[in-house]
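Every number here is computed from the coordinates shown, using simple stated rules; none is lab data. All values derive from a computational prediction rather than experimental measurement. So basically every Cβ, Gly included, is an ideal-geometry build from the backbone, and we count neighbours across all protein chains shown.
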Amino acid sequence: MARGTSKFDQMFQSLTGGDDLATPPVESAAERGNPFDGDVETQIQNAMALFHGGRYAHCLSEVRKVEATAADDPRVAALLGACNALVSGRLRPGIERCSELIEKTFYIPDLYCALGVLLVKSRHRDQAYQVFRRGLQIDPHHRALHSHIRDMGLRRRPVLRFLDRTHPANQALGLLRARLIPA
């Protein structure tokens with residue numbers, strides 16, 4: 001059977017016994033060396049996958065390819081701001097850009113994901129957790145948001161709840177508890 005021919009065409013050829021109506025084999029996008037099929041939405045989804053995978057520099061190059069055709073898409077702007085911030089190490093502009101985008105388009109969970117990653121990298125874990133939770137309120141089944149919350153880990157309660165977790169007694173007893181009772 002010819003490569004690139006659909007199952008319907010193959011079945012039709014076997015029934016008619018001829019190749020006269022066969023379509024020529026179609027070269028896939030991967031065979032042409034282009035991982036995207038030209039669809040902007042697919043390109044954005046692939047860039048999001050790179051971002052969620054932690055490949056920020058590669059994601060940045062892919063987002064720059066899509067930027068001209070999808071400049072009005074808030075996901076592209078958020079990825080561009082977040083990846084620029086993560087690659088350059090200057091997180092504040094990325095956090096501000098993602099926050100602005102969330103104020104305008106609060107209904108896109110990928111924006112919360114980008115902002116949350118920036119907040120985790122800037123050591124604002126409590127704010128990042130809140131952002132991830134707000135994103136899950138919009139889409140409770142968003143895999144990347146669940147993954148980032150899971151990667152942050154859960155904190156145990158302080159041993160002495162009436163003292164602050166940064167109190168030296170809580171820190172010493174917490175270390176002792178961690179050695180005796182592994183999580």
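Key figures
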item: Virtual spin-label span in nm between THR42 and HIS146, 7 Å along Cα→Cβ; result: 2.7 nm
item: Around ARG161: net Lys/Arg minus Asp/Glu count, Cβ-Cβ under 14 Å; result: +4
item: For the range 41-110, the fraction of alpha-carbon pairs in successive 5 Å shells from zero, as %; result: 3, 19, 30, 28, 17, 3
item: Pairwise label distance in nanometres, LEU160 with ASP72, each label 7 Å out on the Cα-Cβ vector; result: 6.1 nm
item: Taking the range 38-152 and dividing mean pair separation by its residue count, relative contact order in percent (alpha carbons under 8 Å, at least six apart); result: 18 percent
item: Assigned charges on the beta-carbon of Lys, Arg, Asp, Glu; the range 38-152 dipole about Cα centre (debye); result: 520 debye
